[in-house]
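Visitor: I am attaching a structure below and will ask some questions about it afterwards.
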Amino acid sequence: MSALAHLVAATAPARHAVLGPGAHLPHGAPPPVLGANLVSDLHELFAYHFMVTALAAGTVVAVLAAAVGWVMVLRRQSFAGHTLAVVGFPGAAGATLVGLPIAVGYFGACVAAALVIAAVPRGRAGSSRGAESAVTGAVQAFALAAGVLFVNLYNGFLNGVDALLFGSFLGITDSQVWALTAVAVGALALLVLLGRPLLFASVDPDVARARGVPVRALSLAFVVLLGVAVAAASEITGSLLVFALLVMPAAAAQQVTARPGLGLVLSVALGLLVTWSGLAVAYFSIYPSGFYLTSFGFAVYLVAAGVRGVSEARSRRVAALGRGA
Amino acid sequence: MLVMRGAAAAAGGRTLWSGVDLEVGAGEFVAVLGPNGAGKSTLVKVALGLLPLTAGSVELLGRPAGSSSRRVGYLPQRRSFDPGLAVRGRDVVRLGLDGHRWGVPFPLLLAGRRREREARTRVGEVVDLVGASAYADRPIGSLSGGEQQRLLIAQALVERPEILFLDEPLDSLDLPNQAAVASLIGGICRDSGVAVVMVAHDVNPILGQLDRVVYIAGGRVAAGSPHEVITSETLSALFSTPIEVVTTSDGRLVVVGEPEAPEVHGGRHGHEHR
């Protein structure tokens, strides 16, 4: 027991790398309690620098993930998104092992995996789906196994696996926020530039091709963009919960509206709502932030599905009345 | 509009058809007929420059095919949209107008606002023209086959093409919808002076509107007015086997004894005929 305590103390300067829930509490300080006074609670939230950087990083990541995620959900590429996320885990664990920043591991692994996915020629729709998903499943399992091995080889922190898989908003540095911002601005600029042709190629590839839209090149570019968004989201949500920011806001937005512009804006707004509320509640809680981010995302999705169900029932009733009149 | 001279095309190493001479003039309604696998869709793709010719030449709007032009509308063979696709029919039509342009519409600037207004007006016009206004704001995945087909025709028309290529637009529609979409296409051809080249499996829904038919069979092509081409003599010569064309009491043409072409993809089926 004392040996373990010694080990933790010896590696304390590296705590920012992988931290578990509750680790932000100064020694002896009482844990923060969410009180009735919202103003003072908010004040307390912004009093700690680590919380401000966490919210800043969360904001940047939420915008990027919600925008790229909206296109991903439209293109039915969630499976590719999940694969990229799982491959990010050994990337991050491996980076820690060799002493590189975790972000380098996430981005390196996710973008490399995106390039591999993009390079593998896709067969005609339907014909090779089964084989493709079997290969991807095998790669996912191996990636998780390799990640666990790397964490164990590093053997510094037992809760490091937790943070890498399920997220941690602690220990995000200022330089990380700036790096995330730069990446997000670049990725969003590319997404805007691809804009309409990407939508055309996603919705209606045959006609898009006939109109001279480079459908294949766009699909390659988008998978790489997806890799970047997944890597950025992983830094907040961990590898396994990226869908909290990548899928849930986008899927909720597509439940509610079929207008592309409005859908994108709504997806980003919902992503920000989920991120801010998730991080704020996690600060006052002893439970991990990944749980709150994902639960709030799921709640948003359920509400959106409910709204859609109600409005469809109403329009059916109106149509029935119209026929009856 | 479209001129083909001594054209030939191949698929999977097998010549589909050769020696095709064809001219389509402005405002003409031409049907491309023939058995499955005869190369009807290939003829359209060659005309659009999406597939190469193995011999001869093809000119579209006075230019070699493939120098893709906005004045050409194309509706590929039946695509159905994923039932969950959350994009409005109106947006799919709009993509036909500016979906190939990089970037996103930017209505904050004055010029962008004007262009946006013009685009919306034009999309509204074609949506009205095909009679889809009632459901153009619903997600396209939730619409019926006939409704989707009308919106796709609107998409092909939105850039005011001079010639429209339609690949089996009536396929998988029920009979009332077939008749309605056929008369819609005929009306567009007559009223807007757009030349229409339409691949069809069954000539009857469009028989009344057609100027000419192109019949592909046995690697050869016969072209002319419907009542010249769809006769026992012409088709028997084309297929090199006795074919009988029967006219029913309501004016429909029925082709009896039409053999299907061998499977184009070959290989797996060997010499077996479908």
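Visitor: May I ask you to compute the full-extension gain from A:Ala141 to A:Leu153, defined as 0.36 nm times their residue separation minus their alpha-carbon distance, rounded to one decimal in nm? Before the final figure, lay out each step's value.
Guide: Working: separation 12, 0.36 × 12 = 4.32 nm, distance 1.86 nm.
Result: 2.5 nm gained on full extension.
Visitor: Pick from B:Val203, B:Val104, B:Val255: which residue has the top mean-square fluctuation in a GNM of chain B where Cα pairs under 10 Å get a spring?
Guide: Comparing B:Val203, B:Val104, B:Val255 in the GNM, the peak value goes to B:Val104.
Visitor: Note down the nm distance, to one decimal, between modelled labels 7 Å out along Cα→Cβ at B:Leu61 and at A:Asp206.
Guide: Reported label-point gap for B:Leu61 and A:Asp206 is 2.1 nm.
Visitor: Inside 10 Å of the C-beta atoms of A:67-80, what's the mean count of C-beta atoms belonging to other chains? Could you put the intermediate results ahead of the total?
Guide: Details: counts 0, 0, 0, 1, 0, 0, 2, 5, 0, 3, 0, 0, 0, 0.
Per residue, the number of nearby Cβ atoms from other chains is 1 on average.
Visitor: Of B:Val127, B:Leu110, B:Leu85, which is farthest on the positive side of the dipole of region B:85-158, counting Cα position, with +1 on Lys and Arg Cβ, -1 on Asp and Glu Cβ, and the Cα centre as origin?
Guide: Checked the options; the winner is B:Leu110.
Visitor: What is region B:85-158's relative contact order, in percent, from Cα pairs under 8 angstrom and six or more apart in sequence?
Guide: Contact order relative to length: 53 percent.
Visitor: Could you list B:Lys45, B:Lys40 in order of exposure, starting from the residue whose Cβ has the fewest other Cβ atoms within 10 Å? Before the final figure, lay out each step's value.
Guide: On the way: B:Lys45 20, B:Lys40 26.
Lowest count first: B:Lys45, B:Lys40.
Visitor: Let me ask something additional. Per 0.36 nm of contour for each residue apart, how much would the distance between A:Ser175 and A:Val318 grow if the chain were fully extended, relative to their Cα-Cα spacing?
Guide: Between A:Ser175 and A:Val318, full extension yields an extra 45.9 nm.
Visitor: Now for a different question. Which residue, chosen from A:Met51, A:Gln255, B:Ala237, occupies the Cα position most advanced towards the positive end of the dipole of the protein assembly as shown, where the dipole is computed from +1 (Lys, Arg) and -1 (Asp, Glu) charges on Cβ about the Cα centre?
Guide: A:Met51
Visitor: Starting from the Cα of B:Asp250, step 7 Å toward the Cβ, then list every residue of region B:188-207 with an amide N under 17 Å from that point.
Guide: B:202-207
Visitor: Continuing with this model, one more query. Determine the relative contact order of region B:157-205: mean sequence separation of Cα pairs under 8 Å and six or more apart, normalised by residue count, in whole percent. Let's see the in-between values first.
Guide: Working: 42 pairs, mean separation 27.2, N = 49.
After rounding, I find 55 percent.
Visitor: Tell me, A:Thr181, B:Thr42 in order of fewest to most beta-carbon neighbours within 10 Å?
Guide: Numbers: A:Thr181 17, B:Thr42 21.
Ascending number of Cβ neighbours within 10 Å: A:Thr181, B:Thr42.
Visitor: For chain B, take the longest principal axis of its alpha carbons; what is the angle in degrees between that and the long axis of helix B:110-129, to the nearest 10 within 0 to 90?
Guide: So the inclination is approximately 40 degrees.
Visitor: So if R0 is 30 Å, what FRET efficiency would A:Ala47 and B:Arg101 give, r being the distance between their Cβ atoms, rounded to the nearest 0.05? Spell out each step's value before the answer.
Guide: Details: r = 49 Å, r/R0 = 1.62.
Between A:Ala47 and B:Arg101 the formula returns 0.05.
Visitor: Still on this structure, please answer the following. Mind giving me the nanometre distance, one decimal, between the label points for A:Leu38 and B:Arg78, set 7 Å out from Cα along Cα→Cβ?
Guide: Here the modelled spin labels are 5.5 nm apart.
Visitor: Let's test the formula: R0 of 35 Å, r as the Cβ-Cβ distance of A:Leu115 and B:Ala119. What FRET efficiency results, to the nearest 0.05?
Guide: Efficiency computed from Cβ-Cβ geometry: 0.45.
Visitor: Would you mind ranking A:Arg259, B:Arg117 by Cβ crowding within 10 Å, fewest neighbours first? Before the final figure, lay out each step's value.
Guide: Values: A:Arg259 18, B:Arg117 11.
Ascending number of Cβ neighbours within 10 Å: B:Arg117, A:Arg259.
Visitor: Per-residue ellipticity at 222 nm for chain B, helices alone: DSSP H runs ≥ 4 residues times -39500 (n - 2.57), over residue total, nearest 500 deg cm²/dmol?
Guide: Details: 7 runs with 82 residues, N = 274.
Calculated at 222 nm, the ellipticity per residue is -9000 deg cm²/dmol.
Visitor: Can you work out the Karplus-derived ³J(HN,Hα) for every residue in region B:193-200? Use 6.51 cos²θ - 1.76 cosθ + 1.60 with θ = phi - 60°, whole Hz, and x for glycine or proline.
Guide: x, 8, 6, 10, 10, 10, 7, 9
Visitor: Sticking with this structure for a sec: How far is helix B:145-157 tilted off the main Cα axis of chain B, in degrees rounded to 10, range 0 to 90?
Guide: Rounded to the nearest ten degrees, it is 80.
Visitor: Using r as the Cβ-Cβ distance of B:Glu228 and B:Leu110, and R0 as 35 Å, what FRET efficiency do you calculate, to the nearest 0.05?
Guide: Values: r = 57 Å, r/R0 = 1.63.
Using R0 = 35 Å, I get an efficiency of 0.05.
Visitor: On to the next question. Between B:Glu23 and B:Asp211, what is the label-to-label distance in nm when each label sits 7 Å out along the Cα-to-Cβ direction?
Guide: Result: 1.2 nm between the two label points.
No value in this document is a laboratory result; all are computed from the given coordinates. In this text the structure is predicted, and so the values were computed from the model without any measurement. Cβ atoms come from the backbone with ideal geometry, glycine included; neighbour counts cover every protein chain shown.
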